[in-house]
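So the structure is just underneath, and the comments pick up after that.
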Amino acid sequence: MKNAFQEALTERKSKMDKINDIFFSIATGFLAWGAWLVKRLFRRIDDAHARIDRLDTLVDRQYLETQLAPLRGDVSLILKTLLETSKQNRS
């Protein structure tokens, strides 16, 4: 009787050990996947910062001002037209 009880207890522990091993394997897999994802995201952010730093050396304030001057003129013309149109609609 005692021997059968010991065997049943050993079999139960064996099943629990298998379940425990499976759980830890799955948990380890998810943690590894999460670490890989975080590493990949931060690497992309670091690469983006490196590209921005390289562009900072190429583009200066004067270059930006010369590129934005025509756009500012267009925006000013659009704003002026919209204001005149809204005044005419109110009258």
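Bear in mind that the values in this text are calculations on the coordinates, not laboratory data. Predicted, not measured: the structure shown is a model, and the values here were computed from it. Here the Cβ is made from the backbone with ideal geometry for all residues, glycine too, and neighbour counts use every protein chain on show.
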### Query
How large is ³J(HN,Hα) for each residue in segment 77-87, as worked out from phi by the Karplus curve 6.51 cos²θ - 1.76 cosθ + 1.60 (θ = phi - 60°), to whole Hz, x for Gly and Pro?
5, 5, 4, 4, 5, 5, 5, 5, 5, 5, 5
### Message
Quick check: residue separation of Ser25 and Leu58 times 0.36 nm, minus the Cα distance between them. What number comes out in nm?
### Response
6.9 nm
### Query
Between Arg43 and Met16, how many nm apart are label points set 7 Å from Cα along the C-beta direction?
4.2 nm
### Summary
Rounded to the nearest 10, the angle in degrees between the Cα long axis of helix 2-58 and the longest principal axis of the Cα atoms of the chain comes to 20 degrees
### Task
Go ahead and set up a Gaussian network model of the chain, Cα springs under 10 Å, then flag whichever of Asp21, Asp74, Asp53 fluctuates most.
Asp74
### Query
In deg cm²/dmol and to the nearest 500, what is the mean residue ellipticity at 222 nm of the chain if only DSSP H runs of at least 4 residues count, each as -39500 (n - 2.57), divided by the residue total?
-35500 deg cm²/dmol
### Per residue Cα convex hull volume in Å³ - calculated over the chain
178 Å³
